[in-house]
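Asker: Structure provided below as structure tokens; questions to follow.
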Amino acid sequence: MILAGDIGGTKTNLGFFDVQEGALQAREQQSFPSRDHVGLEAIVQKFMAGARVQVTAACFGVAGPVVDGQSVTPNLPWIVSAENLARTLNLESVNLINDLEATAHGIPALKPEEMLTLNEGACEAGNAALVAAGTGLGVASLFWDGKHHVPSASEGGHMDFAPRNLLEIELLKYMITKHSRVSIERVLSGPGLFNIYDFLRASGYGTESPEIAARFAAHDPSSVISQAALAHECKMCVKALDLFAAIYGATAGNVALTLKAIGGVYIGGGIAPKISEKLKDGTFIGAFMDKGRLSPLVATIPVRVILNDKTALMGAARVAAGLQ
């Protein structure tokens with residue numbers, strides 16, 4: 001039996017899989033609030049406690065850089081160690097990879113209905129890219145070796161925020177008052193959406209309604225903003241989500257140029273499916289294609305949103321099973 005994990009800043013998904021006739025079969029799965037636990041080993045022990053299975057291989061995709069079998073997670077107070085996980089599971093070794101790398105490994109297992117096409121493009125054999133905003137921002141490359149896409153992790157979510165117009169320059173100036181360095185993750189993530197809203201509020205681009213303020217006190221602010229924007233209940237929320245979608249598209253376009261991702265750009269993470277109606281209105285794709293002399297090239301690149309929130313978990317299982 002294979003144990004796979006997708007470890008994010010908000011939640012940790014674990015699942016059992018086995019392989020039948022060369023294909024993965026999902027078994028029991030469970031989700032845990034990451035911050036309610038002292039570390040991944042505690043979650044693994046809790047998940048395994050009620051299971052009567054013998055795990056023979058394991059892989060975990062973690063939201064953070066993995067170096068020498070260890071990750072100091074930027075959005076959790078954890079140190080995730082492959083050695084400690086192997087000891088917990090009584091295995092000789094386990095695979096520990098970046099969560100975006102895990103997602104990239106899961107893409108081949110997706111069905112057509114598990115993706116939303118934002119730009120049809122012209123599918124070409126070549127590199128592809130994955131950009132995913134959630135609790136943080138992740139970026140991965142899928143290198144085309146002539147026959148297959150080979151996923152590779154990166155920490156592109158921590159590159160500098162590059163404003164493209166006067167409003168975004170104002171946003172950068174505001175963010176610099178909060179952080180000595182402003183990475184793209186500071187504005188393109190769940191917390192980043194609230195940072196954008198906070199900038200608009202503080203800069204006089206609107207007035208916060210008492211109802212929205214009350215919702216902030218009771219619920220996740222980023223969810224409040226996106227839901228109110230999609231329902232057109234709050235003009236400042238609409239403006240915040242519009243700016244967020246434009247920055248998301250521009251960043252995805254930058255990654256596409258960096259990797260010459262003519263094989264496609266995939267949009268992952270937990271936010272995109274929740275704001276799919278906004279992503280379809282042209283704001284995202286307009287910013288994605290706005291690349292000056294290279295706009296004609298970027299316009300040919302397929303762009304698809306991953307709708308299956310278990311893609312990283314499936315990818316981790318595929319790695320543990322040795323499936324490519």
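The values are calculated or read from the model by the stated rules, or taken from the named source; none is laboratory data. Bear in mind that the values here come from a model prediction, so they are computed numbers and not experimental data. Neighbour counts are summed over all protein chains in view; Cβ atoms, including those assigned to glycine, are modelled from backbone coordinates with ideal geometry. For the accessible areas, the whole protein counts, side chains as well, though only heavy atoms, and no ligand, DNA or RNA atoms are used. Shrake-Rupley method; radii C 1.70, N 1.55, O 1.52, S 1.80 Å.
Asker: In region 261-278, what residues are surrounded by fewer than 22 Cβ atoms within 10 Å (Cβ to Cβ) and outside any loop (DSSP other than H, G, I, E, B)?
Answerer: Pro273, Lys274, Ser276, Glu277, Lys278
Asker: Any residue at all in region 205-220 that's small (Gly, Ala, Ser), open to solvent by 10 Å² or more (accessible area, probe 1.4 Å), farther than 27 Å from Ala140 by Cα and assigned to a loop (DSSP other than H, G, I, E, B)?
Answerer: yes
Asker: Within the bounds of region 128-151, is there any residue that is within 17 Å of the chain's Cα centre (by Cα), over 26 Å from Thr10 (Cα atoms) and of a type in the set (A, V, I, L, M, F, W, C)? Can you show your working first?
Answerer: Let us first name the residues in region 128-151 that are within 17 Å of the chain's Cα centre (by Cα), namely 128-142, 151.
Then drop every residue that is not over 26 Å from Thr10 (Cα atoms), which leaves 128.
Of the ones still in play, those that are also of a type in the set (A, V, I, L, M, F, W, C) are 128.
Scanning region 128-151 turns up at least one residue that is within 17 Å of the chain's Cα centre (by Cα), over 26 Å from Thr10 (Cα atoms) and of a type in the set (A, V, I, L, M, F, W, C).
Asker: Further, regarding this structure: Those residues that are more than 24 Å from Ala132 (Cβ to Cβ) and surrounded by fewer than 22 Cβ atoms within 10 Å (Cβ to Cβ), I need them from region 221-238; list them, please. Quick ask: steps written out before the conclusion?
Answerer: We begin by selecting, within region 221-238, every residue more than 24 Å from Ala132 (Cβ to Cβ); these are 231-236.
Within region 221-238, Ala231, His232, Glu233, Lys235, Met236 meet the criteria.
Asker: Considering each residue of region 1-30, count those that are without any contact (Cβ under 8 Å) to a residue 24 or more places away in the chain and touching a Ser or Thr at 6+ places or on another chain (Cβ under 7 Å), and give that number.
Answerer: So the count comes out to 1.
Asker: May I ask you to say which residue of Leu200, Leu193, Leu188 is surrounded by 15 or more Cβ atoms within 10 Å (Cβ to Cβ) and assigned to a loop (DSSP other than H, G, I, E, B)? Let's see the steps before the verdict.
Answerer: On the way: Leu200 fails: assigned to a loop (DSSP other than H, G, I, E, B); Leu193 fails: assigned to a loop (DSSP other than H, G, I, E, B).
The unique qualifying residue is Leu188.
Asker: Something else about it: So, Val298, is that one in contact (Cβ under 8 Å) with a residue 12 or more places away in the chain and outside any strand (DSSP E or B) or not? Please lay out each step first, then the result.
Answerer: Working: in contact (Cβ under 8 Å) with a residue 12 or more places away in the chain: yes; outside any strand (DSSP E or B): yes.
Judged against the criteria, Val298 is a match.
Asker: Follow-up. Does region 301-319 hold any residues that are part of a loop (DSSP other than H, G, I, E, B) and either open to solvent by 10 Å² or more (accessible area, probe 1.4 Å) or charged (D, E, K, R) (or both), and which are they?
Answerer: In the first step, residues of region 301-319 are kept if they are part of a loop (DSSP other than H, G, I, E, B); the result is 301-302, 307-310.
Answer for region 301-319, where residues must be part of a loop (DSSP other than H, G, I, E, B) and either open to solvent by 10 Å² or more (accessible area, probe 1.4 Å) or charged (D, E, K, R) (or both): Leu307, Asn308, Asp309, Lys310.
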